[in-house]
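The values are calculated or read from the model by the stated rules, or taken from the named source; none is laboratory data. Computed from a prediction, not measured in an experiment: that's the story for all the values here. Cβ sites come from the backbone with ideal geometry, for glycine too, and all protein chains shown count toward neighbours. Ligands, DNA and RNA are stripped out before the accessible areas are found, and what is left, the full protein with its side chains, is counted by its heavy atoms. Shrake-Rupley method; radii C 1.70, N 1.55, O 1.52, S 1.80 Å.
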Amino acid sequence: MDLSLIIMQLLSGIALGAVLVITALGLTIVFGMLGVVNFAHGALFMIGAYAGLYLASLTGSFWWGLLLAPILIGAFGMLIELVLIRRLYGRSIDDPLLLTFGLSYILVEGVRIVFGSDGIPFPTPPQLIGVLDLGVGFFPRYRLFVIGLVAVVLVVLWLALEKTRIGLIVRAGARDPTIMQVLGIDIGRVWLAIFGLGVGLAALGGVLAGPMRSVNPEMGSLVLAEAFVVTVIGGLGSIVGAVVAGLMVGISISLVALFAPEMATIVMFALMAVVLLIRPQGLFGVRGRTA
Amino acid sequence: MPKSGSTPKITRRTALAGLSASAALLAMPRLGRAADETIRIGFPTPLTGPFAAEARDQVKCAELAVKLVNDKGGIGGRKVELLVRDDKLNAGEAATRTLELIEKDKVHAVVGALSSAVQLAVNEVTRARGVIYVSISQSDTINEAKDFSKYTFHEALNPHMTTAAVARQTLKKGMKVAHLVADYAYGHEMLRGFKRAQAAIGADNVGEILHPFGAADYSTFMPRLMSMRPDVLCISNFGRDQANAIKQAVDFGVKQQMKIVVPVILHNQRLAVGPDVFEGVVGGANYYWGLETQGKSAAAFNAAFKAANGGAIPTDYGAYGYSGVGSLLAAMQTAGGTDTDKVVDALEKLQYDLTKGPQHYRKCDHQSVQSVLVLESKKKSAMANDNDLFAILANDSGSDDMLRSCSELGHAT
């Protein structure tokens, strides 16, 4: 087997993994900090893609769509937390799960009603059309950009969580919300911000995926399944886990596609099964955690 | 989870075994039908899932065919009613819905289904109950002796016809051909068709990659396809898979190296990803509205569809809904009602021209003999208006030579 082919295949896997990382990250942060399994995550990914497309066509620039859609949909996520999710804290984990599950149906049907059930073209930004010669082969510029942007987002997120006062509060809030309240911190505002962040990341994933796939109301359902697999492999609630598992899944899919292409979708579920057998809490998960 | 029709746990045969058990419960003596009773046509189609856009067009056109007959007073004074059911692109679901249509709604015939696996499930139910079924899904197997019955009619093109027509326009002796194929019946049948055509032409096969049905990402297949260095890449998949696969191939610069060819080029998917992505892609089709400059029946069909749908144009898969229901209703007119044997007889003898020129059902396997179009997606600057999607490269008129022979399909000749 040609070495350059394997390098190209690895790169495809990383690009694929990058989108997985961003979507899984939002899911895992919300679960880790809030204990909410957000079944509407895929639908919000899809809404993000539509919002990005709409804002891009409104402003005439993909970049505004990329910047504004996650903020706007993140704010929408905060509204969901404030109006719906908040009432269910302290109840069993199934309640927010069922709520978000129902919400996902409403969002998908809503988009079908407004934008129709056909796909809509999401043009690649003109600066990123075409391929770049990497010496070993040609790779789409847009996918290289996605890898770079996801790396930047990860660094910013890590700095914010590890090096800032707000990050400290968030991490402490996840560990022990009661003590935080005793210390006089409004934990409700922290949870609001976290849910908004999680939803914003879903929307960012949607906008990034838009130019690679056609945008349609069902695009989130497959993504939700993939994001869940990644969070389970990485460990529920673990940010490092989501990053490692996302890249691992992307690269596995890509390398399996090289040798047994028809197995490309199955491989991530096989990987999940193996991880669950050996380390039921996931690669970076904490044993017995129920959030 | 992908909403796919390929749930591996339930095969169509096990689903049907379960169904026949439940059918025993449902089965009750059919009520005597009054002569002035409405004629009911069942229409299962995948309204949800990745083929939803095509399915919706089928419904619109099927409703149009029914409306035109009703406007002229129905069949022997009886009104026609279309009962649309969502088969969710799932063979088990389709079998259940079809059984309900027959047992509960007492339909007189069934038309529909879009996926090749789903049509076979519908066919098993209709065949067992002796109800006429006009399939409008592209597949070869339904015409083979093992799935065939005298109640089974196939209005759609089949993979053999489209791949042969497309290959004739795009392949030459000595060309290198690679395949990206959806890993289910439709893809396999298209691949078989292409390989047969390319062998006849003398083109070389340099490789084939099977991809999972309903995949969203095709990037992982592209480096290997490009390393095969083919002159032509045949992408044999359907619905959104077609749009996504072509879009991502174009992102990887595939079009600079090779020509992209598809067995069936889809109107709705071309709309979903835009002209730049599809530019230069060649594929087969049963219908394109632009045929109206070449034939009266296309012009009439377009006009009727526009009038009923606020000026919109009919699509390829929509036309199947129209001709599938239309041919059945024409046969019922001839038969003077819904007597199954008489309608089957009328369908076998029917010569019809509803959308694109003369068609008839071949006697041995009830495949509709019809013309095949080969279309090329236009460049944005060459489009006269938003509906001007394709250039017609070829319009091969229908003949028995296009089809696999009756004996090859296992029919007594």
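Some values worked out for this structure:
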item	result
In nm, spacing of pseudo-spin labels at residue A:97 and residue B:168 (7 Å Cα→C-beta vector)	5.8
Mean separation of Cα contacts under 8 Å (6+ apart) over length of chain A, as relative contact order %	38
Sequence-distant residues sharing a close amide H with residue B:279 (under 5 Å, placed H)	none
Chain B: relative contact order as a whole-number percent, Cα under 8 Å and 6+ apart	17
Taking all pairs of distinct alpha-carbon atoms in the stretch A:120-261, Kirkwood radius in angstrom	17.8
Gain in span if fully extended, residue B:341 to residue B:204, counting 0.36 nm per residue against the direct Cα distance	44.6 nm
Counting all C-alpha pairs of the protein assembly as shown, share separated by more than 40 Å (%)	35
Other-chain or far-sequence residues with amide H under 5 Å of residue B:204's (modelled H)	B:174, B:175, B:176, B:177
Leading residue at positive end of dipole, the protein assembly as shown (Cβ point charges), from B:329, B:383, A:59	A:59
Residue of A:81, A:262, A:226 that the Gaussian network model of chain A assigns the largest fluctuation, springs spanning Cα pairs under 10 Å	A:262
Label point 7 Å beyond Cα of residue A:149 along Cβ direction - residues of the stretch B:229-257 with amide nitrogen under 18 Å	B:248, B:251-252
Where labels lie 7 Å past Cα in the beta-carbon direction, separation of residue A:160 and residue A:112 in nm	3.4
Heavy-atom accessible area per residue - chain B, 1.4 Å, Å²	35
For residues of B:43-53, the mean tally of beta carbons on other chains within 10 Å	2
Under 17 Å from the Cα of residue B:146 - lysines, other chains or at least 8 residues apart	B:363
Averaged over A:121-133, number of beta-carbon atoms from partner chains that fall within 10 Å	3
Per residue, the convex hull volume that the Cα atoms of the stretch B:272-413 enclose (Å³)	137
Net charge of neighbours whose Cβ lies under 12 Å from the Cβ of residue B:371, counting Lys and Arg as +1 and Asp and Glu as -1	-1
Cβ-based net charge around residue B:293, under 14 Å, with every Lys or Arg adding one and every Asp or Glu removing one	0
³J(HN,Hα) computed for each position of the stretch A:9-23 - Karplus, 6.51 cos²θ - 1.76 cosθ + 1.60, integer Hz, glycine/proline x	5, 4, 5, 4, x, 5, 4, 5, x, 4, 5, 4, 4, 4, 6
Lysines with Cα under 28 Å of residue B:172, excluding same-chain neighbours fewer than 8 positions away	B:195, B:247, B:255, B:259, B:378, B:379, B:380
Kirkwood Rh and Cα Rg combined as Rg/Rh, the stretch A:25-66	1.17
Average beta carbon contacts from partner chains per residue of B:206-212, 10 Å cutoff	3
For peptides B:306-312, A:31-37, sequence by mean Cβ density within 10 Å, most packed first	A:31-37, B:306-312
Peptides ranked, highest mean first, by Cβ atoms within 10 Å: ranges B:87-96, B:64-73, A:114-123	B:87-96, A:114-123, B:64-73
Peptides ranked, highest mean first, by Cβ atoms within 10 Å: ranges B:406-412, A:279-285	A:279-285, B:406-412
Dimensions in Å of chain B - Rg and Dmax from alpha carbons	20.7, 67
Kirkwood-based Rg to Rh ratio, the stretch A:1-115, C-alpha trace	1.08
Overall dimensions of the stretch A:180-291 by Cα: Rg and Dmax, Å	16.8, 57
Projected-area average for the stretch B:157-310 over all orientations - Cα convex hull basis, square nanometres	9.6
By accessible area with a 1.4 Å probe, ligands and nucleic acids excluded, highest first: order of B:146, B:195	B:146, B:195
Around residue A:187: net Lys/Arg minus Asp/Glu count, Cβ-Cβ under 14 Å	+1
Cysteines having no other Cys beta carbon under 4.7 Å from their own, within chain B	B:61, B:234
Simple label model, 7 Å out from Cα along Cβ direction - residue B:399 to residue A:89, nm	7.7
Geometric extent, Cα atoms of the stretch A:3-278 - Rg, Dmax (angstrom)	18.7, 59
Solvent-accessible ranking of B:86, B:401, B:316, largest area first, probe 1.4 Å	B:401, B:86, B:316
For the stretch B:239-249, 3J(HN,Hα) per residue [Karplus equation, 6.51 cos²θ - 1.76 cosθ + 1.60, θ = phi - 60°, Hz, x = Gly/Pro]	x, 5, 4, 5, 4, 5, 5, 5, 4, 6, 4
Surface/4 of the Cα convex hull for the stretch B:133-180, nm²	4.6
